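Visitor: I'd like to ask you about the structure that follows.
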Amino acid sequence: MPSNRQVLLASRPSGVPTEANFQLVETPVPEPSDGQILVRNHWLSLDPYMRGRMDAAKSYAKYVELGEVMTGGAVGEIVASRHPQYAVGEFVTGAFGWQEYALSDGTLVRKVDPQRAPLSYSLGVLGMPGVTAWVGLLDIAQPKAGETVLVSAATGAVGSVVGQLAKIKGCRAVGIAGGTAKCEYAVNELGFDACVDYKRGALYEDLKAALPDGIDICFENVGGETLDTALRLMKPFSRITICGLISQYSATEQYGLRNIRSVLVNRIRMQGFIVSDRPQLWPQALAELAAHVGRTHQVPRVGRQGARERAACIYWHAAGREFRQAAGAARVTLSTLRQGRGILHER
């Protein structure tokens, strides 16, 4: 019987997590009880929210205890079932955690069709990041054709979908990303109208040049100085959707906004959201995202030259050394770590 590789949270990070904060262990593969399924995970998602779960702080969800399996979304195959609604051989996605085998009672588990799209898409555009983009832009910000949408972290799992949805809705999409390569990718692959490289060190000047008429919608994933700078360019009665604050997750000192006065002066509607608060919207969002994928772009097969997916995923069946590296740092570059291309907007 194979063993179950699990990644445990060994210690709480101070600043950016390191490999030392995790422990890779092997345990016996569990057996499902009545009403349970056993899933062998194939792909594991690495998402910014996980950084918050590593801290013992009050948040919208319970933090991970030391010694527990690190939380996270995964997709895999059912290898044993004692649940009447799930059969062996079906593929499912859920919050199975950073482990190769996971037990579930079916709560918040969703079946996926590997013939429709690569399995890892259910952790990206056809999963939580895609639904997050859909809810934050279409349900909360409610863009109108002709408006300008600014997206920070524009080449990330959420931001890349936001930009493409904005274009589909007839908006002008401007991104913020770090480095020339990412900005070229945002424009040439994802279809953004422009992208500003914050690493140039002239964020306000470059944003002002890219946004001569100001911002109608700011889809905020970064926070800190990025949000503070965008506040200077917001139009009257504009909207800010706070999806994430990734610049602050590992910060030892929080950034204080200097331009919050803009919210009052420009009568801005600024709203934070957590995508899990809107379960009733998931079916519609997933259906529309799947329709766009099928209509506007041939879904690339995983492994095809140049085809990348906009979700940071680890292929679970990696060599032990590679897996330990990936577990310690989501930014590690591995042959088994796949990252993004646009799959919504027709270019």
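The values are calculated or read from the model by the stated rules, or taken from the named source; none is laboratory data. These numbers were taken from a predicted model, which means no experiment stands behind them. For neighbour counting, all protein chains shown are included, and Cβ atoms are generated from backbone atoms with ideal geometry for every residue, glycine included. Only protein heavy atoms, including side chains, enter the accessible area calculation; ligands, DNA and RNA are left aside. Shrake-Rupley method; radii C 1.70, N 1.55, O 1.52, S 1.80 Å.
Visitor: Taking the conditions exactly as written (at pLDDT below 95 and closer than 21 Å to I140 by Cα), does A251 satisfy them or not?
Guide: Details: at pLDDT below 95: yes; closer than 21 Å to I140 by Cα: no.
Answer is no for this residue.
Visitor: Another question, if that's okay. Of all residues in segment 110-122, count the ones that are open to solvent by less than 20 Å² (accessible area, probe 1.4 Å) and not in a helix (DSSP H, G or I). I'd like the intermediate steps shown before the answer.
Guide: Residues of segment 110-122 open to solvent by less than 20 Å² (accessible area, probe 1.4 Å): 117, 120-122.
From the residues that got through so far, the ones that are not in a helix (DSSP H, G or I) too are 117.
Summing the residues that are open to solvent by less than 20 Å² (accessible area, probe 1.4 Å) and not in a helix (DSSP H, G or I) in segment 110-122 gives 1.
Visitor: Name the single residue, out of those in segment 178-232 being part of a helix (DSSP H, G or I), touching a strand residue (DSSP E or B) at 6+ places or on another chain (Cβ under 9 Å) and small (G, A, S), that is most open to solvent (accessible area, probe 1.4 Å).
Guide: Per the criteria, the residue is A209.
Visitor: Out of the residues in segment 248-281 that are among the hydroxyl-bearing types (S, T, Y) and farther than 22 Å from V135 by Cβ, state the one that is surrounded by the fewest Cβ atoms within 10 Å (Cβ to Cβ). Give the steps one after another, and end with the answer.
Guide: Within segment 248-281, the first condition is being among the hydroxyl-bearing types (S, T, Y), and the residues that meet it are 249-250, 252, 255, 262, 276.
If we keep only those that are farther than 22 Å from V135 by Cβ too, we end up with 250, 252, 255, 262.
Values: S250: 16, T252: 6, Y255: 15, S262: 20.
So the residue we want is T252.
Visitor: Moving to a separate point now. Give me the residue from segment 19-45 that is among the charged types (D, E, K, R) and closer than 18 Å to M70 by Cα and, out of that set, most open to solvent (accessible area, probe 1.4 Å).
Guide: Of all residues in segment 19-45, those among the charged types (D, E, K, R) come to 19, 26, 31, 34, 40.
Filter once more, keeping what is closer than 18 Å to M70 by Cα: 19, 26, 40.
Numbers: E19: 100, E26: 128, R40: 75 Å².
Filtering segment 19-45 for residues that are among the charged types (D, E, K, R) and closer than 18 Å to M70 by Cα, the one most open to solvent (accessible area, probe 1.4 Å) comes out as E26.
Visitor: Moving on to the next point. Quick one: which residue in C183, C195, C171 is modelled with pLDDT of 95 or more and within 20 Å of W134 (Cβ to Cβ)?
Guide: On the way: C183 fails: within 20 Å of W134 (Cβ to Cβ); C195 fails: within 20 Å of W134 (Cβ to Cβ).
Going through C183, C195, C171 in turn, just one is modelled with pLDDT of 95 or more and within 20 Å of W134 (Cβ to Cβ): C171.
Visitor: Hey, among the residues in segment 67-93 that are among the aliphatic types (A, V, I, L, M), part of a strand (DSSP E or B) and in contact with a Leu (Cβ under 9 Å, 6 or more places away or on another chain), which one's most open to solvent (accessible area, probe 1.4 Å)?
Guide: V79
Visitor: If A173 meets every condition in (1) in contact with a helix residue (DSSP H, G or I) (Cβ under 6 Å, 6 or more places away or on another chain); (2) open to solvent by less than 20 Å² (accessible area, probe 1.4 Å); (3) in contact (Cβ under 8 Å) with a residue 60 or more places away in the chain apart from one, which number is that one?
Guide: Among (1) in contact with a helix residue (DSSP H, G or I) (Cβ under 6 Å, 6 or more places away or on another chain); (2) open to solvent by less than 20 Å² (accessible area, probe 1.4 Å); (3) in contact (Cβ under 8 Å) with a residue 60 or more places away in the chain, the lone unmet condition for A173 is (3).
Visitor: Going by the conditions given, is P13 modelled with pLDDT of 95 or more, surrounded by 14 or more Cβ atoms within 10 Å (Cβ to Cβ) and assigned to a loop (DSSP other than H, G, I, E, B)? Spell out how you get there, then give the answer.
Guide: Values: modelled with pLDDT of 95 or more: no; surrounded by 14 or more Cβ atoms within 10 Å (Cβ to Cβ): yes; assigned to a loop (DSSP other than H, G, I, E, B): yes.
No; evaluated as a whole, the condition is false for this residue.
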